[in-house]
1. Taking residue 308 as the residue in question, decide whether it is part of a helix (DSSP H, G or I), of a type outside the set (Phe, Trp, Tyr) and modelled with pLDDT under 95.
2. Kindly list the number of the only condition in (1) open to solvent by 60 Å² or more (accessible area, probe 1.4 Å); (2) modelled with pLDDT of 95 or more; (3) within 26 Å of residue 135 (Cβ to Cβ) that fails for residue 271.
3. Could you give every pair whose Cβ atoms fall below 9 Å, whose first residue belongs to the stretch 178-196 and is within 29 Å of residue 159 (Cβ to Cβ), and whose second residue is open to solvent by 30 Å² or more (accessible area, probe 1.4 Å) and charged (D, E, K, R), counting only separations of at least 6 or pairs across chains?
4. Of all residues being modelled with pLDDT of 80 or more and exposed (fewer than 14 other Cβ atoms within 10 Å of the Cβ) in the stretch 279-293, which is nearest to residue 211 (Cα to Cα)? Just the residue, please.
5. Taking residue 262 as the residue in question, decide whether it is modelled with pLDDT of 95 or more, more than 23 Å from residue 42 (Cβ to Cβ), β-branched (Val, Ile, Thr) and within 18 Å of the chain's Cα centre (by Cα).
6. Would the stretch 232-248 turn up any residue that is open to solvent by 20 Å² or more (accessible area, probe 1.4 Å), part of a helix (DSSP H, G or I) and not hydrophobic (A, V, I, L, M, F, W, C)?
7. Report every pair of residues separated by at least 6 positions or lying on different chains whose Cβ atoms are under 6 Å apart, first residue within the stretch 318-329 and open to solvent by 30 Å² or more (accessible area, probe 1.4 Å), second part of a helix (DSSP H, G or I).
8. Quick test of your reading of the structure: residue 296 fulfils all but one of (1) under 14 Å from the mean Cα position of the chain (by Cα); (2) open to solvent by 80 Å² or more (accessible area, probe 1.4 Å); (3) of a type outside the set (S, T, N, Q). Name the failing condition by number.
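The values are calculated or read from the model by the stated rules, or taken from the named source; none is laboratory data. Note that the coordinates shown come from a computational prediction; the quantities given were computed from them, not determined experimentally. No Cβ is skipped: glycine too gets one built from the backbone with ideal geometry, and neighbour counts run over all protein chains shown. Remember, those area values only see protein heavy atoms, side chains included, never the ligands or the DNA or RNA. Shrake-Rupley method; radii C 1.70, N 1.55, O 1.52, S 1.80 Å.
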Amino acid sequence: GERITAETEPALKVSIRHVQKGGRDASFGFLEFASHAAAAMAIAAVTGNENGGDVLGDELAKAKLELDLSGTSCYWGTASKAPTRDEGDADERAAKRFKFTPDTRTDCWFCLASPTCEKHMLISVGQGVYLTMPKGPVNDHHALIVPLTHDAADDGKNIGFFANASLAAEAEQVKTTLRKFAKDVLKKDLFIYERAINTKGGLHPHINAIPVEPGLGPKIQARMLSMSSMFNLQEVQDPTIAIRAVLGDEEDWDGGYFYAEVPSAGGAGYKRLLCKLRASEQDNNGRKMQVPLQFGREVLASVLKKPELAHWKACEVAKEKEEQLAQGYREMLEKFEKGSS
């Protein structure tokens, strides 16, 4: 097909901002992207790290530059001025990722046998999955649904809940309970998403379940679709078809998937959005197709106009507070389940 460029697709546009010191160009500058999602894709591609770092040597070689830029680093910066585009784009830019030092823990955070697992945040444990609060929750009832086993599938080829039918079925039961709890007790809708895409340290699957204000669903869906221009996120139009059937053969999603359930208008039901990735798939710039690590949070941060929600480290609280939140959630959910049985 016809090659897509910044001239034909505004979402790909990048501008350069020079910095001067003492009347001379400084040894650094800024690249300003049309969207946060595009910037996130770029920084991960050229440095191999979502938080930035030294530009990879092979990326410099591919650029075929006249200047020797060995040792060049690329990190997140702040916007030069308030965005002048429409409100949707302005909110998207506001949900910028904060720069944090990469976590040094090497053990899996989600394996209960791991010494780094935050067991004081557990809510409940089922047959194949457990429910816990995350580090740096978006709100007081943000929960994660996590498999007890590290790998969802025995063969390890495909990852995520949909790689294991029994885990997916148990997760559906938990999601149904959390939806009812959100509606009946919290008087809220429930936003759910799963990013089942391998990371450098490997992936222990987990589903985010976040209560949101009633009626917020359509805004979340619109923003999510507008922020996914660099990857193929689409609504699943047929409400009766199983997501596993949409994913298709295993080789069709060997690069993982991003899946979301967004509350419908009025809170009656939800819309399903899915992006499936092949390991060999590339974007329009010839780079590996990817979904930003914090994409679900970034969307919600943009909609709520609270940039700090985009990264869990900006929302981290003291262990004592974590224990209080988990205990409160645990007691409320247990009371609800007893009253519903």
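1. Taking the combined requirement at face value, the residue satisfies it.
2. Here residue 271 clears every test but (3).
3. Every condition considered, the pairs that remain are 181/337; 182/188; 189/179; 189/183; 189/213; 190/179; 190/183; 192/179.
4. Among those that are modelled with pLDDT of 80 or more and exposed (fewer than 14 other Cβ atoms within 10 Å of the Cβ), it is 279.
5. yes
6. For the stretch 232-248, residues open to solvent by 20 Å² or more (accessible area, probe 1.4 Å), part of a helix (DSSP H, G or I) and not hydrophobic (A, V, I, L, M, F, W, C): present.
7. 323/120
8. Residue 296 satisfies every listed condition except (2).
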